[in-house]
Structure formats: structure tokens, C-alpha cells
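Notes for the one structure printed next.
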Amino acid sequence: MWRGLCTLVARAARGPHRPCRRRSSESPALGSGTTIFALSSGQGRCGVAVIRASGPASSLALRSLTAPRALPPARRACLRLLSDPRSGEPLDRALVLWFPGPRSFTGEDCVELHVHGGPAVVSGVLQALGSVPGLRPAQAGEFTRRAFARGKLSLTEVEGLADLIHAETEAQRRQALRQLDGELGQLCRGWTETLTKALAHVEAYIDFGEDDNLEEGVLEQADRDVRALEAALRAHLRDARRGQRLRSGAHVVVTGPPNAGKSSLVNLLTRKPVSIVSPEPGTTRDVLETPVDLAGFPALLSDTAGLRDGVGPVEQEGVRRARESCSFLDTVVARLGAGNPNGGQRLLLVLNKCDLLPPEAASPGPGLPPHLLLSCLTREGLDGLLGALQKELATLCGDPSTGPPLLTRARHQHHLQGCLDALGHFAPARDLALAAEALRVARRHLALLAGGGGTEEVLDIIFRDFCVGK
């Protein structure tokens, strides 16, 4: 009986009548058998440029450019003279590194050439590599795609690497590094183990329901585990928008009456003159959007037209767009002059021009909602505003340093929602066969989230955000 139950556990781990499949390195999209090369560091002049090659002809390429020297010791930087294999002309003195597979980033034989970063040097070395038989220029993201195909990175780790490359704020860097370290993948594996165990127990009851040797209460325990998993999935889905805001930026709208200093605040927060500042009311007649790093968090900062009536048609359109932008915002910075504090309450109320208040006025007036005093002219109160914005954005985007990993992509949310929907049909007390199928569908969604069976179209979308050379 126990041998049969072990068989069921193995079968549950594979899924319904489906053999185990490994990621294949023979996919035509990966250019099987070819060796790719590309500049992996940034374009333009620099002190050192890194050129990378990966594939079976990597050792040939290195020997061709460093002849008659032999390959250097694995994973040890060595100084070599690089020469054009066709003409023998010296190209540069470079540090070269040899990474024999599978102990490399891609899992294949890899070479790195650390050359001087002048455009002529880089161009000459790339042309020399292109003359070596079996080598071709890499496509965008192809190195990482090969690493994924050979199991060096999971799909969530690949996404974390892409986010790390594009991270522009401290919070984005922390979140991307956690995902690259595999925290989201580990969480999915834990959930998958819970479903696999529950599925094995359900299938044991289907095949051995009348066997007295089955432990009592197994189905009840499976039901408790599934319900606990449902609660965990709901909690993560409730936080899904926070992770997406952290990745793409929260929408922060600066709004208020004309001539209150909205454009001055935008220029102050962005540290550059993105908005025209004039004592004439109604200078801003459209919504001006600027990406900005606000206290370590990404934000899309919108400067809007002053909210008033009785203006010309152009300014009226600007006011209409300002009101429309407020319906899509994540947080609001309401800009009201300190001399006119009786405006509507916003999520974060800022009273500008506090330098104009008389010395005896400790507060602009009684009965105001929580607010901050600021002077864009003297920068008094700016630190308090940045601290309040940081607190507000941390609530909106989540703290990437603590708690469970955030869901940063719509793909993550889609598969977790699909898993949760499938678990909603888990009812072993009514029909064991349908309950088992619900667990299989749920496991399939978790597998797709982690990258165990995505289509080529999905993979193309994910890898197209990478640069050539990564």
C-alpha cells in the first residue's frame, strides 16, 4: 500500500498523466549550437568595456584572439594581448576570463574580455570576434535567456534581474535584488509543495478509499492546508498593486489654486526647471508629467493647471485635465497658499509661502486638517515634506526591505489569481475527482508563474526588455 502511495506522490508532483519535462537548450529561439557575442557594458567612451561571448566556440574565439597563448586558468583574470585573427594586428591589451560550462552565467562555455573602453578598441574587438567561425552577434537578452533555458535562473529571477538593470531608485533596487535572490520563487515552491501533498492525499483516497491502512483525518488536513494557502494568496493579491507601483512608479499629482506655487514645488522636487514659474496666474495650462525619485521611491510627478473658474478656453481645458488626472492618482500633494488655507482637504495638504506669514502667527488658522508648512522660496519645511512623502509612498509601494516579496508584474497577479480561483473549486467532501483536478490546475498556475512551461510568446515579452549583451 505504501509503495502505491509513494507512486501517487510522485504522480502528483508531475501532474496529470504528463511526463517530466526539462528546459531544452535545443529551442530554435535560442540558436542552439551557435556562439553569441556582444558588448555587455554601456555604449560610449569609458575606462573599461566588457565584451562577452557564450557558446561552444567561446574557447576557439579566445584562442584565436590571444594566439599563440593557451587558455587561461578557469575563472582567473589574466592579461593578454588581443590580436585580429585575420591580419595578426594588435588590438588591445586586455584582461580575459575563461568560464567553462556549466559553471558560468549561461551554463555554457563563456568568455569575458575586459578591454579599454575607446570606441575604436571596442569596434575592432567586436569585428575580430565576428570573423571567428561559429560566432554571431547576440540578440537582446539572449545571454539571460540561455541562462534560463539551462536552469541557471528561474523566470521570476530573470524578471528580478531585468528590474535590477532598470532600477532608478533605492526602493526599486532593494525589491529587484530580493526577487533576483529567488525569494518569490522560493515562496512559490513552498505553495507548490503544499498543493502536491494535498493532491497526493486526495488521489490516495481515490485509489485506496476503502483501505483501513490510510491514516485518519488526512483529507481534513489537506482541506485545512488548502484553506490556509487560499488566505495567503488573498493577502498577496491585496498587495499586488503596491509591487507594481514600486516597479513603475506611483502617480503623484500637485494640484491647488492658481499662483500657489505648484510649479515651484515640482521644480524643487525634481531639482530641475521642468515647469515655467511666473507671478502671472494660469501659467500652467496642461498636465506636465515628470518621473522623479522621491525619497528613494519612484514617482510620476504631475504639475497641473490651477483650479479656478472664469478663464479662457485653453486654461479651462487645462483645469479639466487637472481634475481628470486626480481621478487616476495614487496620492495628492495639494498646494494651497498659506494666506488662503480654506481649500479642500487632500491626502497630503501642503501650505506654501509660509515665509509670508507674520511672525506672531504660529499656524495659518484653526480648524485645518493635518497639513505641512513650506516655503519654496527659502526651502523651509522641505525636509518635513520629503519625510511625509517617503512615509506616504512607503504605504503605497510597500517596504522592499521587509515582509514577503511583492508582486511586481501583472503576470504574477494573473497566475496567483488563477491559482486562487482554482482552489475555490476544491471541495473533497463533494467530489474527490473534481477536488484533485482543482489542485492540478492551481499547481499549473504556480508552475507558469515560476517559469515551468511558459509559451515562447510570453518569454519573448519578458526578455525583450533586456539590453544586448545581457
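The values are calculated or read from the model by the stated rules, or taken from the named source; none is laboratory data. Just so it is clear, the structure is predicted and the values come from calculations on it, not from any experiment. Cβ coordinates were reconstructed from backbone atoms using ideal geometry, including for glycine residues, and neighbour counts include every protein chain displayed. Quick note on the areas: whole protein, heavy atoms, side chains included, nothing else; ligands and nucleic acids left out. Shrake-Rupley method; radii C 1.70, N 1.55, O 1.52, S 1.80 Å.
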Please give the number of the condition residue 133 fails out of (1) of a type outside the set (Ser, Thr, Tyr); (2) within 14 Å of residue 40 (Cα to Cα); (3) open to solvent by 10 Å² or more (accessible area, probe 1.4 Å); (4) outside any helix (DSSP H, G or I).
-> (2)
Of the residues that make up the stretch 275-291, is at least one under 30 Å from residue 164 (Cβ atoms) and modelled with pLDDT of 80 or more?
-> yes
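How about the stretch 317-404: which strands (runs of 3 or more DSSP E) wholly inside it have at least 1 residues that are at pLDDT below 70 and more than 34 Å from the chain's Cα centre (by Cα)?
Working: elements: 331-337, 348-352, 371-373.
Here the list reads 331-337.
In this structure, does residue 93 turn out to be closer than 25 Å to residue 47 by Cα, touching a residue at least 12 places away in the same chain (Cβ under 8 Å) and among the basic types (Lys, Arg)? Steps first, answer last, please.
Numbers: closer than 25 Å to residue 47 by Cα: yes; touching a residue at least 12 places away in the same chain (Cβ under 8 Å): yes; among the basic types (Lys, Arg): yes.
Yes; evaluated as a whole, the condition is true for this residue.
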Contacts under 7 angstrom Cβ, first residue in the stretch 377-404 being without any contact (Cβ under 8 Å) to a residue 24 or more places away in the chain, partner surrounded by 14 or more Cβ atoms within 10 Å (Cβ to Cβ), 6 or more apart = 378/355; 384/372
With 427, 447, 442 as the choices, which residue is at pLDDT 85 or above and assigned to a loop (DSSP other than H, G, I, E, B)?
-> 427
Residues of the stretch 421-439 satisfying the condition of being loosely packed, with under 15 Cβ neighbours inside 10 Å and under 13 Å from residue 198 (Cβ atoms) = 427
Of the residues in the stretch 405-424, how many are under 22 Å from residue 299 (Cβ atoms) and outside any helix (DSSP H, G or I)?
-> 5
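Select, from 91, 71, 97, 81, the only residue that is of a type outside the set (Val, Ile, Thr), part of a loop (DSSP other than H, G, I, E, B) and surrounded by 13 or more Cβ atoms within 10 Å (Cβ to Cβ). It would help to see each step written out before you state the result.
Details: 91 fails: part of a loop (DSSP other than H, G, I, E, B); 97 fails: part of a loop (DSSP other than H, G, I, E, B); 81 fails: part of a loop (DSSP other than H, G, I, E, B).
After ruling out the rest, the residue left standing is 71.
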Residues (at pLDDT below 80 and touching a helix residue (DSSP H, G or I) at 6+ places or on another chain (Cβ under 8 Å)) located in the stretch 255-274 | 255, 256, 273, 274
Cβ-Cβ under 6 Å pairs, at least 6 apart or on other chains, the stretch 191-205 side under 13 Å from residue 426 (Cα atoms), far side β-branched (Val, Ile, Thr) and surrounded by 20 or more Cβ atoms within 10 Å (Cβ to Cβ) | 198/226
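Does residue 215 satisfy the criteria of being open to solvent by 10 Å² or more (accessible area, probe 1.4 Å) and either modelled with pLDDT of 90 or more or among the hydroxyl-bearing types (Ser, Thr, Tyr) (or both)?
On the way: open to solvent by 10 Å² or more (accessible area, probe 1.4 Å): yes; either modelled with pLDDT of 90 or more or among the hydroxyl-bearing types (Ser, Thr, Tyr) (or both): no.
When the stated conditions are applied, residue 215 does not pass them.
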Can you tell which of 195, 153, 199, 229 is part of a loop (DSSP other than H, G, I, E, B) and buried (at least 20 other Cβ atoms within 10 Å of the Cβ)?
-> 153
Do we find a residue being buried (at least 17 other Cβ atoms within 10 Å of the Cβ) and part of a strand (DSSP E or B) anywhere in the stretch 117-130?
-> yes
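Restricting to the stretch 405-423, name every residue that is without any contact (Cβ under 8 Å) to a residue 40 or more places away in the chain and of a type in the set (A, V, I, L, M).
First, pick out the residues of the stretch 405-423 that are without any contact (Cβ under 8 Å) to a residue 40 or more places away in the chain: 414-415, 418, 421-422.
Correct list: 422 only.
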